[in-house]
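The values are calculated or read from the model by the stated rules, or taken from the named source; none is laboratory data. Being a predicted model, the structure only gives us computed values, none of them experimental. FYI the Cβ positions are ideal-geometry reconstructions off the backbone, even for glycines, and counts take in every protein chain you see. Please note that ligands, DNA and RNA were not included when accessible areas were found on the heavy atoms of the full protein model with its side chains. Shrake-Rupley method; radii C 1.70, N 1.55, O 1.52, S 1.80 Å.
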Amino acid sequence: PPATMVKKKVLGDGDVTSTKHIGNKIKRQEVYNRVKKQKNAIKKAKREQRKKDMKDPEKKDLPKNVPKTLDNMREEDETILVSEDEEVRRDEEEDEFRKYFDGETPKTIITTNNHPSKPLIQLVKSLLDLIPGSFYYSRRNYDIKEICQYAGERGFTNLIILGQGLQLGGHKKLPCSMLLVHLPEGPTLNFWMTSVKLADQIRNHARVTKHKPELILNNFTTRLGMRVSRAVSCLFPQDPEFTGRRVVTFHCQRDYLFVRHHRYIFPEDKNGEKARLQEIGPRFTLKLKSLQTGAFDSTRGEYEWIHNNANDMQKRKFYL
């Protein structure tokens, strides 16, 4: 019987995918280089045209090419705050944090899980320098409910419990979680903690002073984000001492909270017009795991928000 005819694919000059059908290695490389050279020439012509348009006064007001990122492609959410929202203002006047914005001084107790490692104790020392009015108490096998009751009876307004665990298959127990309980009414915030760097691990770090720091809360755009920002801001006094030039920043981006501690300096040659930053430390990153109404209660507690795996599947939806 006659052999069946196999129709070969005709290669196009600009067809990139056609190179994989070329059996000859040398010919396949020639076609690939030719197509790549044509693409680079087109990109170069577009760049040159954009430069000419920027110098042309008639085309100067044309819309510019803005690169697409997850931030500017974010999905619209009904919880995103708008300026001068009357409902949000009323909620802030009636929430658990209102008295601290009226001048009440916060007082924080910091503890760890049982048998803390050396890195965890070092982080505790850094947080004592970071948060004014904070005190460390050893855990001593007490339950979290017992600690909340003890701290509330003695006038503490916040409780921070640091956790530790193995990370990336390592053998050292490193800080990995932070539980923040606002006393006595709550709420309770549970965070993952990553990328911890202490002051001695930061190059050319500054020395910390006892001045009350200024606080910067950046990019909290939703109702949940506003609640988280008010919770972390209640760790710090609301009457900063500007002479110390200390700044603590909580920057929210893609639901991660980047915590930084700086001191700003005015160089003499700039005549006070410009300032530069010198990091003090520590630095770390937080991600919200859950937000529970009221003080900590693992059995009967009601949750306002819980992170689940479905949250990570939606790359363009953010909750803070």
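Values for this structure:
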item: Exceeding the 29 Å Cα-Cα cut-off - candidates Lys125/Lys270; Lys173/Lys315; Lys172/Lys210; Lys99/Lys289; Lys125/Lys274; result: Lys125/Lys270; Lys173/Lys315; Lys172/Lys210; Lys125/Lys274
item: Straight-distance crosslink candidates among aspartates and glutamates, where the alpha carbon sits under 16 Å from Lys197 and sequence neighbours closer than 8 are dropped; result: Asp129, Glu279
item: Dipole magnitude of the chain, debye to nearest 20 (Cβ charges: Lys/Arg +1, Asp/Glu -1, about Cα centre); result: 3280
item: Rounded to 5, percent antiparallel among DSSP beta bridges of the chain; result: 75
item: GluC sites (Glu not before Pro) restricted to the range 100-197 and DSSP loop, no more than 15 other C-beta within 10 Å; result: Glu104, Glu185
item: Equivalent ellipsoid semi-axes - Cα gyration tensor, the range 140-214, angstrom; result: 27, 21, 11
item: Candidates per GluC sites (Glu not before Pro) in the range 196-283, loop by DSSP, up to 16 other Cβ within 10 Å; result: Glu241, Glu273
item: Net charge of Cβ neighbours under 12 Å - reference Asp297; Lys, Arg +1; Asp, Glu -1; result: 0
item: Surface share of carbon and sulfur [accessible, 1.4 angstrom probe, percent] for the chain; result: 51
item: Local electrostatic count, Leu123, Cβ distance below 14 Å [Lys/Arg +1, Asp/Glu -1]; result: +4
item: Probe 1.4 Å, accessible area per residue of the chain, Å²; result: 66
item: Highest-fluctuation residue, Asp102, Asp53, Asp297 considered, GNM on the chain with Cα pairs under 10 Å; result: Asp53
item: The chain pair-distance distribution - Cα-Cα, 20 Å bins, rounded %; result: 24, 43, 22, 11, 1
item: 14 Å beta-carbon shell around Ser233, net charge (K/R +1, D/E -1); result: -2
item: Rg followed by Dmax, in Å, when the range 269-311 is reduced to its Cα trace; result: 20.3, 60
item: Residue of Thr69, Thr299, Thr157 that the Gaussian network model of the chain assigns the largest fluctuation, springs spanning Cα pairs under 10 Å; result: Thr299
item: Dipole-positive endmost among His115, Asn40, Ile80 within the range 24-116 (Cβ charges, Cα centre); result: Asn40
